[in-house]
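J.: Handing you a structure now.
The values are calculated or read from the model by the stated rules, or taken from the named source; none is laboratory data. Treat the numbers as computed from the prediction; the structure is a model and nothing was measured. Cβ placement follows ideal geometry from the backbone for every residue including glycine, while neighbour counts extend to all protein chains displayed.
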Ligand SMILES: [Zn+2]
């Protein structure tokens, strides 16, 4: 598929990372309710291109989620039906 430069149909949503935008918003593994915004309903981490986070913060989120899982604040995956 060839992308026409004129009409950008690519989904480059130039969304600014919400953590960069709001410095008071901290990534904490002790905040599973917040971290839950970054996982699918099945408990998987939402990829950066969808979450819109920058690499730095996406990494922090991934680490926080893993830590939260470790201390059982979050599930690894929800139980498969
Ligand atoms: Zn960021």
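J.: Mind checking which residues of the stretch 25-34 are within 13 Å of the ligand (Cβ to nearest atom) and without any contact (Cβ under 8 Å) to a residue 12 or more places away in the chain?
T.: 25, 26
J.: Between a first residue in the stretch 49-67 that is in contact (Cβ under 8 Å) with a residue 24 or more places away in the chain and closer than 10 Å to residue 17 by Cα and a second residue that is assigned to a loop (DSSP other than H, G, I, E, B) and away from the ligand (no atom under 13 Å from the Cβ), which pairs have beta carbons less than 7 Å apart while being 6 or more apart in sequence or on different chains?
T.: So the pair list comes out as 52/13.
J.: Still on this structure, I have one more. Could we say that residue 49 is within 15 Å of the ligand (Cβ to nearest atom) and either loosely packed, with under 11 Cβ neighbours inside 10 Å or under 13 Å from the mean Cα position of the chain (by Cα) (or both) here?
T.: Yes; evaluated as a whole, the condition is true for this residue.
J.: While we're here: On the basis of being more than 16 Å from the ligand (Cβ to nearest atom) and touching a strand residue (DSSP E or B) at 6+ places or on another chain (Cβ under 9 Å), does residue 39 make the cut?
T.: So residue 39 fits the description; yes.
J.: Further, regarding this structure: Considering the stretch 56-67 alone, what residues qualify as being within 15 Å of the ligand (Cβ to nearest atom) and more than 10 Å from the chain's Cα centre (by Cα)? Walk me through how you get there before you give the answer.
T.: Of the residues in the stretch 56-67, the ones within 15 Å of the ligand (Cβ to nearest atom) are 56-64.
Answer for the stretch 56-67, where residues must be within 15 Å of the ligand (Cβ to nearest atom) and more than 10 Å from the chain's Cα centre (by Cα): 56, 63, 64.
J.: Can you name every one of the helices (runs of 4 or more DSSP H) wholly within the stretch 18-77 that holds 2 or more residues which are modelled with pLDDT of 95 or more?
T.: Fully inside the stretch 18-77 and qualifying: 55-70.
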